[in-house]
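The structure appears right after this line, and notes come after that.
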């Protein structure tokens, strides 16, 4: 899958960059829903996305950030050729595969100061 669809030799990683306003974090007592702008770089293409998240203070110096709804990644948006999906489909007996995938996440952060 990695070689056929994602071409990991050429595109070894995906990255997401987002910034959270610490003033908003400090104002959270227990948890808060937030929308955070981010940039997803995938398959050599960067796109702006919005993350709908729940930010929870787990302990004095720990935060838990989880997706409230999945990020839908469409292969077409990132220039992944249809032939990659067709090649992958052949490896599973020609089953129909979607060019979209839903991604959820849970992140844990600890403050060292």
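If you go through the stretch 39-63 and pick out every residue that is modelled with pLDDT of 95 or more, under 25 Å from residue 112 (Cα atoms) and surrounded by fewer than 16 Cβ atoms within 10 Å (Cβ to Cβ), you end up with 2. If you go through the stretch 70-93 and keep only what is in contact with a strand residue (DSSP E or B) (Cβ under 8 Å, 6 or more places away or on another chain) and surrounded by fewer than 11 Cβ atoms within 10 Å (Cβ to Cβ), you end up with just 79. Among the residues here, residue 17 qualifies as loosely packed, with under 14 Cβ neighbours inside 10 Å, under 16 Å from residue 109 (Cα atoms) and in contact with a strand residue (DSSP E or B) (Cβ under 7 Å, 6 or more places away or on another chain). Within the stretch 71-82, the presence of at least one residue that is farther than 17 Å from residue 7 by Cα and under 20 Å from the mean Cα position of the chain (by Cα) is confirmed.
Name the single residue, out of those in the stretch 3-14 being under 18 Å from residue 47 (Cα atoms) and surrounded by 10 or more Cβ atoms within 10 Å (Cβ to Cβ), that is modelled with the lowest pLDDT. Show your work before the answer.
Here is the first cut: in the stretch 3-14, the residues under 18 Å from residue 47 (Cα atoms) are 6, 11-14.
Then drop every residue that is not surrounded by 10 or more Cβ atoms within 10 Å (Cβ to Cβ), which leaves 6, 11, 14.
Details: 6: 66, 11: 79, 14: 86.
Here the residue is 6.
The values are calculated or read from the model by the stated rules, or taken from the named source; none is laboratory data. Remember, it's a predicted structure, so these values are computed and weren't measured experimentally. As a convention, Cβ positions derive from the backbone with ideal geometry for all residues, glycine included, and neighbour counts pool all protein chains shown.
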